[in-house]
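Heads up, the thing below is written out as structure tokens.
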Amino acid sequence: ETNEIDKKTVTDLLISSGAARACVIEEPLAAALGAGVSIKNPEGVLIVDIGGGTADIAVVTMGSISISKSVKIAGNILDEDIIRYLRRERNIVIGEKTAESIKKRIGCAYLRDTELAIGIKGKHYITGMPITDEVNTTEVYLAMREHLEAIAEGVRSVLEVTPPELAGDISETGILLTGGGALLDGMDKLIEKRTGVHVII
């Protein structure tokens with residue numbers, strides 16, 4: 001959350017750097033613009049922006065946000081889930097970079113038909129000695145499942161309180177999924193399953 005002083009500092013800095021005009025806009029609006037959505041249209045568009053710290057969910061119409069919700073669960077929490085799971089279930093301690101690499105390479109929000117596995121390096125939780133082992137897709141999915149479901153539930157809860165006309169637009173145009181979390185395999189499928197609305201990455 002940014003306050004008015006933060007916003008003024010940023011805009012002043014941009015103008016002193018040579019920008020003719022500068023303004024601060026909400027992250028979901030910026031995501032919609034970046035994805036090429038014409039936010040001036042009266043039709044409602046649902047943006048789900050999954051970043052590192054938060055998942056921002058917003059219904060955008062006529063250049064403004066009609067309804068929004070910020071879920072304090074995103075990429076960093078999912079990395080922590082993998083670290084915790086491996087320490088608890090396998091007695092393997094890994095760092096944040098390794099966890100993020102595991103998530104990106106074999107992580108999924110919906111169980112894959114084909115199981116994948118990769119080698120990992122870390123330390124044994126009890127002995128503290130270096131260890132190499134394998135982790136598979138199912139383990140990574142199980143580690144993250146609870147928080148992935150919470151993101152999908154956040155999307156569903158926003159749709160529940162969306163006015164009927166805008167909800168009708170969204171059912172036609174689909175849900176726009178953006179941010180780093182959009183790249184997690186099956187994230188679109190999970191949200192589709194929870195909401196019944198087509199998801200576009």
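The values are calculated or read from the model by the stated rules, or taken from the named source; none is laboratory data. From a predicted model like this one, the values you see are computed outputs, not experimental measurements. Don't worry about glycine lacking a Cβ; one is built from the backbone with ideal geometry, like all the others, and counts go over all protein chains shown. Note: areas computed on protein heavy atoms with side chains; ligands, DNA, RNA excluded. Shrake-Rupley method; radii C 1.70, N 1.55, O 1.52, S 1.80 Å.
So if each residue of separation counts as 0.36 nm, and I subtract the Cα-Cα distance between I5 and D113, what length gain in nm does that give? Provide the component values of the computation, followed by the final result.
Working: separation 108, 0.36 × 108 = 38.88 nm, distance 5.03 nm.
So the chain would gain 33.9 nm between I5 and D113.
Express in % the proportion of alpha carbon pairs of region 84-201 at distances exceeding 19 Å.
The answer is 53 percent, as a whole percent.
State the antiparallel share, in %, of DSSP beta bridges confined to the chain, rounding to the nearest 5.
Here the antiparallel bridges make up roughly 75 percent for the chain.
Taking amide H atoms as placed 1.01 Å from N in the peptide plane, list the residues 5 or more away in sequence, or in a different chain, whose amide H sits under 5 Å from that of I92.
R87, Y125
Just to confirm the number: angle between the C-alpha axis of helix 137-160 and the first principal axis of the chain, 0 to 90 degrees, nearest 10?
The angle comes out at about 20 degrees.
Taking the 0 to 90 degree range and rounding to the nearest ten, how far is the long axis of helix 164-173 tilted relative to the main principal axis of the chain, both from C-alpha atoms?
Result, in degrees: 60.
If you fit an axis through the alpha-carbon atoms of helix 4-16 and take the longest principal axis of the Cα set of the chain, what angle between them do you get, 0 to 90°, nearest 10?
It is inclined by approximately 80 degrees.
Under 24 Å Cα-Cα from K193, which lysines qualify once same-chain neighbours fewer than 8 residues away are excluded?
Result set, ordered by chain and number: K69, K72, K103, K104.
Highest first, please rank the peptides 42-55, 186-199 by the mean number of other Cβ atoms sitting within 10 Å of their residues.
Peptide ranking by packing, descending: 42-55, 186-199.
Can you put Y85, Y125 in order of accessible area, largest first, using a 1.4 Å probe?
Result of the area sort, largest leading: Y125, Y85.
What is the log10 of I(q)/I(0) for region 137-201, computed with the Debye formula using one identical point scatterer on each Cα and no solvent, at q = 0.20 Å⁻¹?
Taking Cα atoms of region 137-201 as identical point scatterers yields -0.80.
Could you look at region 46-201 and say what percent of its accessible area is carbon and sulfur, using a 1.4 Å probe and all protein chains? Write down the numbers at each step before the final one.
On the way: 3890 of 7820 Å².
Solvent-exposed carbon and sulfur of region 46-201 make up 50 percent of the total.
Per-residue ellipticity at 222 nm for the chain, helices alone: DSSP H runs ≥ 4 residues times -39500 (n - 2.57), over residue total, nearest 500 deg cm²/dmol?
My calculation for the chain gives -14500 deg cm²/dmol from helical runs alone.
Starting at 0 and stepping by 5 Å, how many percent of the alpha carbon pairs of region 13-172 end up in each bin?
2, 8, 15, 15, 13, 12, 11, 9, 7, 5, 3, 1, 0
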